[in-house]
Amino acid sequence: MMKPCRFVLSGYYGCGNAGDEAVLAGIKAGFQRLAGDRVQLLVLSQNPQATAALHNLDAVHRMQLAPVKRALQQSDMLLCGGGSLLQDATSLRSLIYYLLVIALALRLRKPVMFFAQGLGPLHRGISRRLVRAAAERAAFITVRDEESAHLLRKIGVHHTSIEVTADPAFCLIPDASAKPLLGELAACKRPLVGVALRPWGAAGEQTTRPYLQLLSALEAVCAAQPILIPMQQPQDVAFARALIHQGSFSQPPLLLEQAISPHQLLSAIARMQATIAMRLHALIFAVRAAVPPFALRYDQKIESQMRLFGLEQNIAHWHDFDPQDVAEKVKELLDRRAAYQQRLSAVSQTMEERALQNMKIALKVISAC
């Protein structure tokens with residue numbers, strides 16, 4: 001019988017973000033496909049009980065030093081990722097947290113892998129120096145896009161083991177039996193357009209007006225039924241409710257309000273005819289399910305992934321997009337849906353193979369340690 005492989009996962013888990021939970025579910029699914037029960041995963045989570053319930057994985061609180069140290073001592077390797085962990089746009093404190101977990105693992109003589117990372121931005125000189133130092137000591141580095149690999153080289157990382165793979169969420173498979181939790185979907189005769197928005201911008205920039213205009217334009221131009229899909233609890237839910245409350249619609253948007261599993265969310269997005277999203281993993285889920293996506297870019301990672309999918313023409317900036325123009329482009333997606341589905345199915349298969357490469361590399365590295 002082969003020896004078990006014990007990985008500790010460090011990421012933004014247990015924080016109510018559907019994208020990061022999709023990453024975790026994809027990591028679990030990928031390892032199960034490649035190695036079955038031989039792989040044991042332990043998650044550093046902000047909410048260990050919720051992580052255990054949602055993913056059926058062991059978890060410890062990521063901010064409690066003693067349990068984290070004990071988990072690392074009992075592990076074979078730390079996987080730092082996936083997701084956009086090593087960046088200082090959110091805060092320098094967040095970046096330092098993830099680097100401290102890496103430093104603790106290295107101090108305990110445990111190999112560390114940067115796992116399907118979306119790196120950057122790194123605005124501060126100290127951020128670049130700290131990430132460079134950690135990256136040079138990693139056993140292997142996989143990143144989910146070329147821009148992340150370029151950033152590593154730009155800040156002076158000369159690590160020979162850097163590979164561009166794909167987001168682990170591409171290891172998830174739509175579950176036809178996981179019905180969306182909106183009974184109205186089945187009865188709706190209009191095209192379903194998933195809309196995954198988020199509150200964003202500095203004081204004075206956050207406004208609901210362009211999003212209200214977009215939802216109305218989807219109704220007028222596309223004769224579509226918008227389905228609001230929150231990806232971050234509770235912020236996106238509150239934002240979606242505000243839009244519904246403030247808008248004047250002949251047929252109000254529907255809200256996928258309940259917190260659901262990544263597999264259920266993927267299944268729900270698979271029911272859409274098109275998707276508009278600010279949230280990265282709503283776009284990834286759309287591509288995975290071969291649903292034509294349009295992106296409202298608020299972060300470089302959105303453009304990086306859309307370029308990776310060959311969909312760079314389907315992007316507008318969140319700050320100054322024209323709601324009418326976006327609705328017209330979504331109508332084009334609906335009109336050309338069959339051609340998009342064929343193209344996206346091929347992209348999804350390629351991304352799945354590249355996502356599985358993350359797990360293959362981890363298993364290879366751990367066997368060599």
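The values are calculated or read from the model by the stated rules, or taken from the named source; none is laboratory data. Just so it is clear, the structure is predicted and the values come from calculations on it, not from any experiment. All Cβ positions, glycine included, derive from the backbone under ideal geometry; neighbour counts span all protein chains shown. These area figures cover heavy atoms from the full protein model, side chains too; ligands, DNA and RNA do not enter into them. Shrake-Rupley method; radii C 1.70, N 1.55, O 1.52, S 1.80 Å.
Could you work out the local net charge near ARG343, counting Lys and Arg as +1, Asp and Glu as -1, over the other residues with Cβ closer than 12 Å to its Cβ?
Taking every Cβ under 12 Å from that of ARG343, the sum is +2.
Leaving out ligands, DNA and RNA, and with a 1.4 Å probe, what % of the accessible surface on the chain is carbon or sulfur?
Answer for the chain is 50 percent, counting heavy atoms of protein chains only.
With all protein chains present, calculate the accessible area of THR142 using a 1.4 Å probe and round the result to the nearest 10 Å².
0
Pop out the ³J(HN,Hα) list for segment 8-17 in order, Karplus 6.51 cos²θ - 1.76 cosθ + 1.60 with θ = phi - 60°, rounded to Hz; leave Gly and Pro as x.
Once θ is set to phi - 60°, the couplings for segment 8-17 become 9, 9, 10, x, 8, 9, x, 10, x, 9 Hz.
What Kirkwood radius, in Å to one decimal, follows from the Cα pairs of segment 195-352?
Averaging 1/r across every pair of different Cα atoms and inverting gives 15.6 Å.
For the chain, what is the accessible area per residue in Å² when the probe is 1.4 Å?
With all protein chains present, the chain gives 43 Å² per residue.
Sticking with the crude label model, points 7 Å out along Cα→Cβ, report the distance from LEU65 to GLN313 in nm, one decimal please.
Placing both labels 7 Å beyond Cα along the Cβ direction yields 5.6 nm.
Could you work out how far the C-alpha centroid of segment 205-245 sits from that of segment 322-369, in angstrom?
First find each Cα centre; the distance between them is then 24 Å.
Could you give the distance between the Cα centres of segment 32-49 and segment 69-113, to the whole Å?
The two parts, judged by their Cα centres, are 16 Å apart.
In a Gaussian network model over the chain where Cα atoms closer than 10 Å are linked, find which of ALA282, ALA18, ALA202 has the largest mean-square fluctuation.
Highest fluctuation among the options: ALA202.
What does the C-alpha gyration tensor say about the overall shape of the chain? Classify as rounded when a/c is under 1.5, otherwise prolate if a/b is larger than b/c, or oblate.
Note, shape of the chain comes out prolate.
Say the cut-off is 32 Å between C-alpha atoms; which of LYS28/LYS331; LYS28/LYS189; LYS28/LYS329; LYS154/LYS360; LYS301/LYS364 go over it?
LYS28/LYS331; LYS28/LYS189; LYS28/LYS329
Where a ≥ b ≥ c are the square roots of the eigenvalues of the C-alpha gyration tensor, would you call segment 51-183 rounded, which needs a/c under 1.5, or, failing that, prolate if a/b is larger than b/c, or oblate?
oblate
Counting Lys and Arg as +1 and Asp and Glu as -1, each charge on the Cβ, what is the dipole of the chain about the Cα centre in debye, to the nearest 20?
Charge dipole, the chain, about its Cα centre: 1260 debye, nearest 20.
For segment 275-357, compute the orientation-averaged projected area of the C-alpha convex hull (one quarter of its surface), in nm².
The directionally averaged projection comes out at 5.0 nm².
Excluding LEU57 itself, calculate the net charge of residues whose Cβ lies under 14 Å from the Cβ of LEU57, where each Lys or Arg counts +1 and each Asp or Glu counts -1.
Residues close to LEU57 contribute a combined charge of -1.
Quick check: net charge around GLY19, other residues with Cβ under 10 Å of its Cβ, Lys/Arg +1 and Asp/Glu -1?
With Lys, Arg at +1 and Asp, Glu at -1, the net is -2.
Arranged from highest to lowest average of other beta-carbon atoms within 10 Å per residue, in what order do the peptides 316-324, 77-85 appear?
Final packing ranking: 77-85, 316-324.
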